[in-house]
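Just below is one structure, and these are the notes that go with it.
Every number here is computed from the coordinates shown, using simple stated rules; none is lab data. Note that the structure is predicted; figures quoted are calculated from it, not measured. Note that we place each Cβ from the backbone using ideal geometry, even for glycine, and neighbour counts take in every protein chain shown.
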Amino acid sequence: MKLDDSQDYPEWRDFNKKLLGKISDEFDGDIIVPMTLYKKKYYEELIQGLRDKGHIVKHFLLEVTKDQIYMRLKKRNDGTFEWGVSKLDEFLEKCNQLEFTDVISNNSEDTQIVVRKILENLQK
């Protein structure tokens, strides 16, 4: 890839907006998309773009400490460790500029707890 982050490609953002819109139009239920979206311009383009077309979007921050993110990147063993670490400070700084439906603590290793909190919030 020529760009450092796939989200920097307008085609990536457009594809996701169209696909999520289509799924939302055709599926009568909640759609959970695990995606790290932290650049405000892209947030507005994707999230607000879906909302402008009448889709209900709830954007959650799964909050973890910097050390926890570092440890999770290290455990992945998928070749993205250096890239993830290089983006870490930017990610943490930019997350403060976004609006979230809810902030959910994700320092626990128990994924089921996090999933339950998201599902509870979707019922509100």
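Residues in the stretch 23-38 that are surrounded by 13 or more Cβ atoms within 10 Å (Cβ to Cβ) and either without any contact (Cβ under 8 Å) to a residue 12 or more places away in the chain or touching a Lys or Arg at 6+ places or on another chain (Cβ under 6 Å) (or both): how many?
2
Taking the condition of being of a type outside the set (Gly, Ala, Ser) and free of Cβ contacts under 8 Å to residues at least 12 places away in the same chain, how many residues in the stretch 105-114 meet it?
Final tally of qualifying residues: 5.
Condition check ((1) surrounded by 11 or more Cβ atoms within 10 Å (Cβ to Cβ); (2) in contact (Cβ under 8 Å) with a residue 40 or more places away in the chain) across all residues:
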| residue | (1), (2) |
| --- | --- |
| Gly21 | yes, no |
| Leu46 | yes, no |
| Leu62 | yes, yes |
| Tyr70 | yes, no |
| Asn77 | no, no |
| Glu93 | no, no |
| Val103 | yes, yes |
| Arg116 | yes, no |
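Mind listing whichever residues of the stretch 1-19 are loosely packed, with under 11 Cβ neighbours inside 10 Å, outside any helix (DSSP H, G or I) and not hydrophobic (A, V, I, L, M, F, W, C)?
Lys2, Asp4
Looking at the stretch 71-108 only, could you name the residues that are in a helix (DSSP H, G or I), farther than 19 Å from Leu3 by Cα and more than 18 Å from the chain's Cα centre (by Cα)?
Those that are in a helix (DSSP H, G or I), farther than 19 Å from Leu3 by Cα and more than 18 Å from the chain's Cα centre (by Cα): Met71, Lys74, Lys75.
Which one of Leu19, Leu62, Leu46 is touching a Leu at 6+ places or on another chain (Cβ under 9 Å) and either closer than 23 Å to Val114 by Cα or not polar (S, T, N, Q) (or both)?
Leu46
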